[in-house]
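Only one structure is covered here, and it is reproduced in the block below.
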Amino acid sequence: MFYFEGHGILHPGGKVIFATSETHARVKSGLHLDEVPALFRGFRGKRVMLLADCCHSGGLQAVGAALVKRGIDAVTLTSATRSKISTASWTFTQALIDCLGRSALCDANSDNRITLNEVRGESAIAMLHREQQQIGWADPRGLGGLVIAETRHDAPAPALEPGQPRRGEWVAVAHRGKPWAARLLGADGDTLRVCDRS
């Protein structure tokens with residue numbers, strides 16, 4: 001697994017560069033994504049997940065494509081597309097934490113397993129509702145069914161009473177007179193319980 005969280009720069013020459021906040025000369029000292037495939041020269045695994053939460057993180061798709069050409073099954077999941085900036089609230093990373101933390105809210109089909117497709121779905125819907133932003137995703141070898149985690153046994157069942165919305169759905173609520181995106185957690189009689197994240 002390759003994971004990066006920090007800053008992403010789309011250089012005027014078209015290159016995408018990842019940099020930390022402490023990097024002063026980011027173009028010179030940042031990680032140029034076109035150099036990343038070379039880091040996998042001695043890689044003996046069969047597949048790799050490329051994850052990033054930063055501006056222009058969708059540039060990792062080119063890295064994934066280069067690895068696939070070398071026979072490595074690569075999946076890319078990013079907080080933004082190559083041409084877009086990301087957000088400063090780390091919603092994408094929180095979605096990954098929720099999935100890897102085995103939250104039942106991330107198990108879209110309620111089979112007690114969280115697949116790579118469900119990680120993508122959880123990330124996409126969280127970014128859409130919280131940030132109004134599209135994620136980056138590439139899975140050329142069809143690895144989406146790969147099980148990433150099993151849901152916690154102590155987690156509540158995702159279904160509510162028949163006819164009610166599904167637990168985990170995103171809903172719009174008014175908070176102090178302003179619209180607010182929230183997750184549906186359950187119901188107490190006629191009152192729905194929500195939270196502002198997974």
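Things worth noting here:
- Nearest-0.05 FRET efficiency for residue 88 and residue 39, computed from C-beta distance (R0 22 Å): 0.20
- Fraction of the pair-distance distribution of the chain above 25 Å, Cα-Cα pairs, percent: 42
- Cβ crowding within 10 Å ranks 43, 18, 4 as 43, 4, 18, fewest other Cβ atoms first.
- Of the trypsin sites (Lys or Arg not before Pro) found in region 1-109, those that fall in a DSSP loop while having at most 12 other beta-carbon atoms within 10 Å are 41, 44, 46, 70.
- Modelled spin-label separation between residue 146 and residue 175, with each label point placed 7 Å from Cα along the Cα-to-Cβ direction: 3.4 nm.
- FRET efficiency, residue 195 to residue 109 (Cβ-Cβ, R0 30 Å, nearest 0.05): 0.90
- Highest-first arrangement of 31-40, 166-175, where packing means the average Cβ count within 10 Å: 31-40, 166-175
- The modelled label-to-label distance for the pair residue 32/residue 128, using points 7 Å beyond Cα in the direction of Cβ, is 3.7 nm.
- The 3J(HN,Hα) values that the Karplus relation (6.51, -1.76, 1.60; θ = phi - 60°) gives for region 102-111 are, in residue order, 6, 5, 4, 5, 8, 8, 4, 9, 6, 9 Hz. Gly and Pro appear as x.
- Separation between Cα centres of region 1-63 and region 72-124, rounded to whole Å: 18
Taken together, the values in this text are just the output of simple stated rules run on the coordinates, not laboratory data. In this text the structure is predicted, and so the values were computed from the model without any measurement. Glycine also receives a Cβ, built like all others from the backbone with ideal geometry; neighbour counts cover every protein chain displayed.
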